[in-house]
Structure formats: C-alpha cells, structure tokens
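All remarks here apply to the structure that follows.
The values are calculated or read from the model by the stated rules, or taken from the named source; none is laboratory data. A quick note: this is a predicted structure, and the numbers were derived from the prediction, not measured. Neighbour counts are summed over all protein chains in view; Cβ atoms, including those assigned to glycine, are modelled from backbone coordinates with ideal geometry.
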Amino acid sequence: MKCRVCREPAVIDLRRHNANFCAEHFLRLCRDQVSKAIDQFAMIEPGNRVLVAVSGGKDSLAVWDLLVGLGYDVDGLYIGLGIAEYSDASAEHVRAFASARELRLIEVDLPADYGYDIPNGSRAAKRVPCSACGLSKRHLFDKAAVDGGYDVLVTGHNLDDEAAVLFGNVLRWQREYLGRQYPVLPARNGFPRKVKPLIRLGEREMAAYCVLRGIDYQVEECPMAAGNKHIGYKEALNDIEVRSPGSKHDFYFGFLARASEEFRREVIATQDDVLEPCVRCGSPCGGDLCSFCRLVERASNDRSQPVDLTTKPSRSETGS
Ligand code: Q46
Ligand code: ZN
Ligand code: ZN
C-alpha cells in the first residue's frame, strides 16, 4: 500500500477517494478539505474572530487544531453538561489540548452556573436528554459568541454526522429541518454565523487525524446517546458505504447541490424576524421567556420538589 502522492508506504486507505496516503499527505489532505469547505461556502472571512465549540471528542479538537494550523484566530468553548464521569473526562481532554498549545479556552458549567445537569434538566423539562442538551448548548454557544464578540461559531460536525442527519430528515420529509441543514447559517438577530468546516471529512478520517497529530481525545461516547436514532442512521449509512464507497458524500453533497435551496427558500419565507428579547436573558425569542430560561426554571422548580423515589422515569425521559 503506497501513498498516492509520494509512493512512500501509506498509513491509511480512503476508499471514497480510491487512494492511500502517508501521514504527511493524509494530514495535508485534511487541511485541503477544510480549506475547500471554507472557501466553497464562504465560512470564515479574513480577520474574523472564531469560536469553536469543543466537546473533548475527536471532531471538535481536530477542527480546532486544523483551523489554528490554517492561521485562523480561534478560541475554544467547552460546556460542562454534568453527565457524571463522561463530562469530567471530556473536560480534562479539552483543557489538556488547550494548555499544551496555549490556546484560549472559555468554560461554562451547567451545574455550577445554571443549577442543573442534563440528566436532571431533561427529566424536569420532560424532554429526552439530547433535546435538553441540544437546546442548552445552542443557547450557551450563542451567548458565549455574543458576549465574546466573535464573528463565527464553528462546530465539529463531520460528513458522517451531516449525512446521518440528512437521512433522518429525508426519511420523514421534515421540510423545515431540511431547510435548516446547511454548512453555513448566516448571522441573524445579533448572533454569529455558524459553520461546519469538517463536512468534507468522515469520522474515520478525523480519528486518524487525531492519532497522527497526537491529539488525545475522549473516546467514550456520551452515555445518554444510547439508543438514539442518529446512531442507527449512521450504522445504516456505514453498511451502504462499505458496499458502495462514496455514497455518504454523494448523498449529502447531492442534497446541497440539487435540493437544499428549495427547502431553504421555504424556511427564509416563514422566518419570524420580529423576535422579542427574552424577559430574563435578553435572547431573541418568540414569547416572553426563551426555551432555555424555561428549562432553567423547570429544573429549579423540580429541585425544590421532594424526590419521589417510587416514580420510575418514563421511556421518553430516558431517551431510549
Ligand atoms: S452530549 Fe448531549 Fe450529545 Fe450526550 S446528551 Fe445527547 S446531545 S449524546 S452530541
Ligand atoms: Zn505521501
Ligand atoms: Zn432567556
């Protein structure tokens, strides 16, 4: 197995590209794919201040490393979700990464700063954990970006993530979600642009990138993800990819090129631009209180109730 570029021994085969690469040329390929995504979708402009949301997993640490390597001015944001040992270990990976490279890391801790963690918050709000978690993260990403004066918020979603989300949205023809699934969401209501520079790279590539760059990431999956539909969609697409390499890429990029505009037009036409500030936190929202402040309120009301040890969590509350 030889590198396609230099004919030296290869360390990875990429069936989607029908090629093998040595370490040096694989790392270059990753950088080139990120640059290409940034250029193709005008994700980051020169001089932009960039904030990357980091979880401690391979994708978010890799995208931070890649953007710094490409010369961007990037700080990190870590949100402690209070998911027992998983969150403790994730935070350690993020801190070690940032301090070894002398990068600025902003930390927000849900239990310490807002008085709830994802397991309790989701139970109080009667949402599945990933829904309470997604809502909390979106709000805190936006808030940190606005408070810190950042122009762009980066997330580490890769090709496998985006193809799996697309698969789920297409299965149920969720037109609104399809209209929002795009690698760049423009700045709106005072919030920064949101971008996904890893859309041209898959999960396996990101794991290899971290190993080759010596990035020590959180390998454990979040325990709350067990049984979630997204994982099932990823497995289904992996089966297809084995039989037909390049399918995920063609599925996702085919959608972007041929279909997404129609759905995006619908979303833009129905977008409510006269949002009022939340009475508690000031974030733009449709009612008096934004959904994040409602979640915080429910979680704190729940804490003041006596704990009923005879009640078992319902199916939807556990996310299974
Ligand atoms: S962290 Fe949060 Fe994920 Fe865990 S609770 Fe679900 S959404 S699975 S990216
Ligand atoms: Zn090579
Ligand atoms: Zn609010």
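Across region 271-300, what is the total count of residues that are polar (S, T, N, Q) and closer than 20 Å to Arg123 by Cβ? Spell out the reasoning first.
Residues of region 271-300 polar (S, T, N, Q): 271, 283, 291, 300.
Okay, now just the ones that are also closer than 20 Å to Arg123 by Cβ, so 291, 300.
Count: 2.
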- Message: I'd like to check which helices (runs of 4 or more DSSP H) are fully inside region 224-320 and have at least 2 residues that are at pLDDT 80 or above and farther than 29 Å from Tyr116 by Cβ.
- Response: 229-243, 247-258, 260-270
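Only one residue in Glu203, Glu221 is at pLDDT below 95 and either under 22 Å from Gly57 (Cα atoms) or among the small types (Gly, Ala, Ser) (or both). Which one?
Glu221
Yes or no, residue by residue, for (1) within 14 Å of ligand 1 (Cβ to nearest atom); (2) buried (at least 21 other Cβ atoms within 10 Å of the Cβ); (3) within 30 Å of Ala187 (Cβ to Cβ); (4) within 21 Å of the chain's Cα centre (by Cα):
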site	(1), (2), (3), (4)
Lys2	no, no, no, no
Ala10	no, no, no, no
Leu27	no, no, no, no
Cys30	no, yes, yes, yes
Glu45	no, no, yes, yes
Val50	no, yes, yes, yes
Val74	no, yes, yes, yes
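Report whether or not Ser131 is at pLDDT below 95, away from ligand 2 (no atom under 16 Å from the Cβ) and farther than 22 Å from Phe41 by Cα.
Considered against the rule, which asks whether it is at pLDDT below 95, away from ligand 2 (no atom under 16 Å from the Cβ) and farther than 22 Å from Phe41 by Cα, Ser131 comes out as yes.
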- Message: Restricting to region 172-203, name every residue that is touching a residue at least 24 places away in the same chain (Cβ under 8 Å), assigned to a helix (DSSP H, G or I) and surrounded by fewer than 20 Cβ atoms within 10 Å (Cβ to Cβ).
- Response: Arg175, Glu176, Arg180, Glu203
- Message: Given the options Phe251, Phe255, Phe292, name the one that is touching a residue at least 40 places away in the same chain (Cβ under 8 Å), in contact with a His (Cβ under 9 Å, 6 or more places away or on another chain) and hydrophobic (A, V, I, L, M, F, W, C).
- Response: Phe292
- How many residues does region 259-283 contain that are touching a Gly at 6+ places or on another chain (Cβ under 6 Å) and among the β-branched types (Val, Ile, Thr)? 1
- Scanning region 1-22 residue by residue, those on the phi < 0 side of the Ramachandran plot, near ligand 2 (Cβ under 8 Å from one of its atoms) and not in a strand (DSSP E or B) turn out to be Cys3, Arg4, Val5, Cys6, Glu8, Ala10, Cys22
- Message: Looking only at residues that are within 18 Å of Lys58 (Cβ to Cβ) and outside any helix (DSSP H, G or I) in region 84-128, which one is nearest to the chain's Cα centre (by Cα)?
- Response: Leu105
- Message: Within region 212-233, take every residue that is touching a residue at least 60 places away in the same chain (Cβ under 8 Å) and among the small types (Gly, Ala, Ser) and give me the one that is nearest to Asp161 (Cα to Cα).
- Response: Ala225
